[in-house]
1. Among the residues of the range 114-124, write down those that are over 22 Å from residue 88 (Cβ atoms) and touching a strand residue (DSSP E or B) at 6+ places or on another chain (Cβ under 9 Å).
2. Sort out which residues of the range 25-48 are of a type outside the set (Ser, Thr, Tyr) and farther than 18 Å from residue 128 by Cβ, and write them in order of number.
3. I need a count of the residues in the range 55-89 that are farther than 23 Å from residue 111 by Cβ and either within 13 Å of the chain's Cα centre (by Cα) or touching a residue at least 12 places away in the same chain (Cβ under 8 Å) (or both).
4. Within the range 90-113, restricting attention to residues that are under 13 Å from the mean Cα position of the chain (by Cα) and either free of Cβ contacts under 8 Å to residues at least 40 places away in the same chain or surrounded by fewer than 17 Cβ atoms within 10 Å (Cβ to Cβ) (or both), which residue is nearest to residue 132 (Cα to Cα)?
5. Being part of a helix (DSSP H, G or I), without any contact (Cβ under 8 Å) to a residue 12 or more places away in the chain and over 16 Å from residue 104 (Cα atoms) is the filter here; which residues of the range 1-54 pass it?
6. Checking the structure you have, find out if any residue of the range 59-80 is crowded, with 20+ Cβ neighbours inside 10 Å, modelled with pLDDT of 80 or more and closer than 22 Å to residue 24 by Cβ.
7. Quick check: anything in the range 61-77 touching a Ser or Thr at 6+ places or on another chain (Cβ under 8 Å) and not in a strand (DSSP E or B)?
8. Give the residue that is surrounded by the most Cβ atoms within 10 Å (Cβ to Cβ), with candidates limited to residues of the range 114-123 that are under 12 Å from the mean Cα position of the chain (by Cα) and without any contact (Cβ under 8 Å) to a residue 60 or more places away in the chain.
Amino acid sequence: MTARQTFSELQIEAADRILFRLRQAVSPAFLGLVSASGHPISTYIGPDMSDASSICPLAASSFAVTKTLANVMENDEFTVMFHESSDLNVHIAQVSDGVLLVVCFKKASELGKVRLISRKAADVLSDIINYGGLNRGAD
């Protein structure tokens, strides 16, 4: 995927349905489908998020650094990142070569549940973005 990839209206609608379901399941403070260059594709910003405009580029930058670290460690790549703080956690999953799923959620949320549901959502979003897998995203 290039930095200038465009998405069809059907792909965006299907992705938005998946993000809506993810939002219902994990009640995130921030949820975003983000380009690897840091541009928001589709986002949800919760009422408690004060500086959501910085999240997309910072998450993309952080993920890019992690990919470089994987290369230095002679690892194929890392496809998931997790950051933990005193109140909020951030889960970043690679959806495709140029798209990330960013989920910011309260520490009180069950980490395992968020990771499992986010991984399933990332798999479906990958089909939508990479292959136009609109049937999986449309149900």
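1. Passing the criteria: only 123.
2. Going through the range 25-48, the residues of a type outside the set (Ser, Thr, Tyr) turn out to be 25-26, 28-34, 36, 38-41, 45-48.
26, 28, 29, 30, 38, 45, 46, 47, 48, listed by residue number.
3. 3
4. 97
5. Hits for the range 1-54 are 9, 13.
6. Taking the range 59-80 and keeping what is crowded, with 20+ Cβ neighbours inside 10 Å, we get 59-60, 63.
From what is left, the residues that are modelled with pLDDT of 80 or more are 59-60, 63.
Within this subset, residues satisfying the condition of being closer than 22 Å to residue 24 by Cβ are 59.
Within the range 59-80 (the criterion being crowded, with 20+ Cβ neighbours inside 10 Å, modelled with pLDDT of 80 or more and closer than 22 Å to residue 24 by Cβ), the answer is yes, since at least one residue qualifies.
7. no
8. Per the stated criteria, the residue is 122.
The values are calculated or read from the model by the stated rules, or taken from the named source; none is laboratory data. Small disclaimer: the values here were computed from a predicted structure and weren't measured. Here the Cβ is made from the backbone with ideal geometry for all residues, glycine too, and neighbour counts use every protein chain on show.
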